[in-house]
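J.: Encoded as structure tokens, here's the structure I'll be asking about.
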Amino acid sequence: MEEIIFENEIAYKTKYDGYYVTKSGKVITTKVKGGQGRINIFQPREHCYKVDKDGYLEVCLSFIEKNRHIRKYYRVHRLVYETLMGDIPQELTIDHIDANPQNNSIENLQILTRENNTRKALKNKKSPKRFMYQLYKNNIYVGTFDRKELGKNIGLKGKDFYQDTNNKKQLLLQGYQWNLI
């Protein structure tokens, strides 16, 4: 793994050229400002962050993929975890142990199932914006999920929550029920 030193801390190369992360959760870039993608490894700087609607830090990464210039917003905790620990399986998510979405230190990140992450958020009451549902199949409790998770797990779509759609009717016929909590 390629490394550089930034402010007396080791920064590890991400899968994107010119970008590094530290164990304390900083994103470092060696790209020259206004340099049209040029890299100067001798002048690293901390990348600019933005706070997304959920309170997580994001960075805008710029890279070439298949001969096309791509700009992608990436949540910092995911970039730190993937760089230092490896790929995140699709069915799992990254959790901030201290429930602070801006503390991206690798010691503060853990991998959880979406259901366990949702359960933890409910317990900590840190997610007031999310509508949470209890899911049942044939009157047997399956778990507690948010709307996005219900979409992934059983195929619920946005309109299904407040309209009688054909998709909703099919799911009800299959024995699914969901209750807002």
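The values are calculated or read from the model by the stated rules, or taken from the named source; none is laboratory data. In this text, all values refer to a predicted model and were calculated from it rather than measured experimentally. Counting neighbours? That spans all protein chains shown, and the Cβs are built from the backbone with ideal geometry, glycine included. Side chains included, ligands, DNA and RNA excluded: accessible areas come from the protein's heavy atoms. Shrake-Rupley method; radii C 1.70, N 1.55, O 1.52, S 1.80 Å.
J.: Once fully extended, how much extra length lies between N153 and L92, figured as 0.36 nm per residue of separation less the alpha-carbon to alpha-carbon distance?
T.: 20.7 nm is the gain from fully extending N153 to L92.
J.: Which cross-chain or sequence-distant (5 or more) residues have an amide H under 5 Å from the amide H of G143, H modelled 1.01 Å from N in plane?
T.: Result for G143 returns L135.
J.: Select one label from (1) 1.28; (2) 1.32; (3) 1.04: the one whose number is Cα Rg over 2.2 N^0.38 Å as derived from the coordinates shown.
T.: Label (1) holds the value from this structure.
J.: Given a 1.4 Å probe, how much area per residue of the range 57-168 is accessible, in Å²? Provide the component values of the computation, followed by the final result.
T.: Values: 6950 Å² over 112 residues.
Ligands and nucleic acids excluded, the result is 62 Å² per residue.
J.: To continue, here is another question. With an 8 Å cut-off on Cα pairs and a minimum separation of 6 or more residues, tell me the relative contact order of the chain in percent.
T.: Relative contact order, the chain: 13 percent.
J.: What residues qualify as long-range amide H neighbours of L109, i.e. H under 5 Å apart, gap of 5 or more or another chain, H built at 1.01 Å from N?
T.: Correct list: I97.
J.: Cβ under 10 Å from V21's Cβ, V21 left aside: what net charge do those residues give with Lys, Arg +1 and Asp, Glu -1?
T.: In short, +2.
J.: Can you compute the FRET efficiency between L84 and E7 using 1/(1 + (r/R0)^6), with r the Cβ-Cβ distance and R0 = 25 Å? Round to the nearest 0.05.
T.: So, using R0 = 25 Å, E works out to roughly 0.90.
J.: How large is the dipole of the range 1-126 about the Cα centre if only Lys and Arg carry +1 and Asp and Glu carry -1, each at its Cβ, rounded to the nearest 20 debye?
T.: For the range 1-126, the charge dipole is close to 520 debye.
J.: Rounding to the nearest 20 debye, state how big the charge dipole of the range 57-99 is about its Cα centre with +1 on each Lys and Arg Cβ and -1 on each Asp and Glu Cβ.
T.: For this selection, approximately 400 debye.
J.: Between L172 and S24, how many nm apart are label points set 7 Å from Cα along the C-beta direction?
T.: Placing both labels 7 Å along Cα→Cβ, they lie 5.6 nm apart.
J.: At 0.36 nm per residue, and after removing the present C-alpha to C-alpha distance, how many nm does the segment from V32 to D164 gain when stretched out fully?
T.: Computed gain between V32 and D164 is 42.1 nm.
J.: Report the label-to-label distance for K123 and E65 in nanometres (one decimal), using points 7 Å from each Cα along the Cα→Cβ vector.
T.: Modelled inter-label distance: 3.5 nm.
J.: Roughly how many percent of the accessible protein surface of the chain is carbon and sulfur, given a 1.4 Å probe and a whole-percent answer?
T.: Ligands and nucleic acids excluded, carbon and sulfur give 48 percent.
J.: Could you give the distance between the Cα centres of the range 28-67 and the range 70-108, to the whole Å?
T.: Taking the Cα centre of the range 70-108 as reference, the centre of the range 28-67 is 17 Å away.
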